[in-house]
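Contents: one structure, followed by commentary.
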Amino acid sequence: MAEKFIIEPTGRLMGRVEIAGAKNAVLPVLAATLLTGARSVIQNVPDLSDVESMCCLLEFLGAKSSFNKSGGELIIDTDNITTYEATYELVGRLRASFLVMGPLLARVGRAKIPLPGGCAIGSRPVDLHLKGFAALGAEVDHSHGYVTVTAPKLTGAKIYLDFPSVGATENIMMAAVFAKGKTILENCAVEPEIVDLANFLNAAGANIRGAGTDTIKIVGVNDLHPTTHSIIPDRIEAGTFMVAAAITRGDILLCNVMADHVKPVTAKLKEVNILIEELEGGIRVRHDPSQGLISADIKTLPYPGFPTDMQAQFMSLMATAQGTSIITETVFENRFMQVGELKRMGADIKIDSRSAVIEGIPRLAGAQVTASDLRAGASLVLAALNADDVTEINGIHHIDRGYFNLDTRLNNLGAKIKRVEVEVK
Ligand code: EPZ
């Protein structure tokens, strides 16, 4: 059943919020459990629909999972893999399903996965993943919308990624875990989620060095063993709550966040006059009443640049800042889907190819809007927190994919968000 948010005008958000485990770390780690053939215990797992979808896929492949949601502990046993093929329906629900290709190829010597389609933010090709598998000796076939990769045994290789793709780095790294000899992955992604995946794999007996740098070395091992791993905090969820403090001129303490991982967002918030304090118990984010929120330019880049996953949220903030901001999206080709909806809320934004020019206004207006994807949805919630009247946000299933109870947790900080069923006419 479809639901929507009804958000009333909100005052300053105040209080503390616990940041959950990272969606973009737990999804590759769950895929990587296929390599262990054993029982892995994953902790600090966020209760998200994307996590449910990944568990459904792993169970379809033969794994057994049990998720203690309140405790955030997910046990997954991949001893018995019964198929190497994923269905169109499962991959359609979760693009990150494609991350099971590398582990299946390494574990059972083949994988057949539907080509993930594009999505709201772009065509999302997987050519770099497939080039990496081929370099390791796999045969890659395309037919009827499926990709089949086959290799009785993979051999280590030197692979240079044309673009530091997060997913390609993760998929190839997992495929190389059992490959004969050494694999060197160059120009790879350096996101914290890559490091978390390598830490999980090494704890299970893999031999991976250099994760977090642009060159990763993987020496093949024979097998992996059971392990326990705790997922890093979600730096994008943290950034989203930081913007919530800024856009409501509030004062929020974020607990369970890794300050290093949110540096690009912290730096940008300081640039627009938001006060940030790194304390023992977390990061305090507050508006400085003696100075107004001012504009700043942003260019999204691979880590450690400003994250593309924070672009929409920051656009909402800049829509209420004094002055003109230019936001350039360099990572995805179509990630301004929130602009049309923000303009319906009174924002003054003009798109000029990969840049958006934003003229800040003091308050946005409440309106009926629709989320097109996860982060665009988050940006609309943030905009609604600043609006002078009631806002209705449809399509909130996009938001539930990547944020655990975003409404409840914002309400605990003083927001007034109701989640209601949409009557189907
Ligand atoms: C991951 O997606 C994240 N998803 C995305 O988060 C995030 O926006 C993205 O990395 C960039 O940080 C997960 O981790 C599950 P990419 P991924 O491969 O791996 C091009 C969110 O909101 N490319 O680094 O798909 C691609 O088209 C989501 O949480 C190729 O050309 O991102 C894009 O323009 C959205 N060929 C760019 O690279 C390839 O084979 C970055 O993509 C692969 C990618």
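Residues of the stretch 88-121 with an amide N closer than 16 Å to a point placed 7 Å from the Cα of S143 along the Cα-to-Cβ direction: 111-115.
Take the Cβ atoms of E423 and N222, set R0 to 35 Å, and the FRET efficiency comes out at 0.05. Computed over neighbours whose Cβ is under 12 Å from that of M14, the net charge equals +4, Lys and Arg +1, Asp and Glu -1.
Counting alpha carbon pairs within less than 8 Å and at least 6 residues apart, what relative contact order, in whole percent, applies to the stretch 352-425? Provide the component values of the computation, followed by the final result.
Details: 72 pairs, mean separation 20.2, N = 74.
The value is 27 percent.
For the stretch 263-334, the antiparallel share of DSSP beta bridges with both residues in that region comes to about 55%. Computed about its Cα centre, the charge dipole of the chain is approximately 400 debye, with only Lys, Arg, Asp and Glu carrying charge at their Cβ. Using Cα pairs closer than 8 Å and at least 6 residues apart in sequence, work out the relative contact order for the stretch 190-313, in percent. Result for the stretch 190-313 is 21 percent. Per the Debye formula on identical point scatterers at the alpha carbon atoms of the chain, with no solvent, log10 I(q)/I(0) at q = 0.08, 0.11 Å⁻¹ is -0.44, -0.82. Normalised by the number of residues in the chain, the mean separation of alpha-carbon contacts (under 8 Å, six or more apart) gives a relative contact order of 21 percent. Each DSSP beta bridge with both residues in the chain is either parallel or antiparallel, and the antiparallel ones are about 70%.
Gain in length, K131 to I75, computed as 0.36 nm per residue apart minus the alpha-carbon separation, to one decimal in nm? Kindly include the intermediate steps, with their values, before the conclusion.
Working: separation 56, 0.36 × 56 = 20.16 nm, distance 3.24 nm.
Between K131 and I75, full extension yields an extra 16.9 nm.
Atom-type composition of the exposed protein surface of the stretch 100-201 places 54 percent of the accessible area on carbon and sulfur (1.4 angstrom probe). Restricting attention to the stretch 175-303, the count of lysine pairs at 8 or more positions apart or across chains with alpha carbons under 26 Å apart stands at 5. Accessible surface comparison of K4, K350, probe 1.4 Å, protein chains only, largest first: the order is K350, K4. Normalised per residue, the accessible area of the stretch 334-398 is 38 Å², obtained with a 1.4 Å probe and no contribution from ligands, DNA or RNA.
With the helix formula -39500 (n - 2.57) applied to DSSP H stretches of n ≥ 4, the chain reaches a computed 222 nm mean residue ellipticity of -8500 deg cm²/dmol. Looking at the stretch 313-425 alone, DSSP beta bridges between its own residues are antiparallel in about 75 percent of cases.
The values are calculated or read from the model by the stated rules, or taken from the named source; none is laboratory data. Remember, predicted model here, so these are calculated numbers, not experimental data. Positions of Cβ are generated from backbone atoms using ideal geometry, with glycine treated the same way; all protein chains shown enter the neighbour counts. For the accessible areas, the whole protein counts, side chains as well, though only heavy atoms, and no ligand, DNA or RNA atoms are used. Shrake-Rupley method; radii C 1.70, N 1.55, O 1.52, S 1.80 Å.
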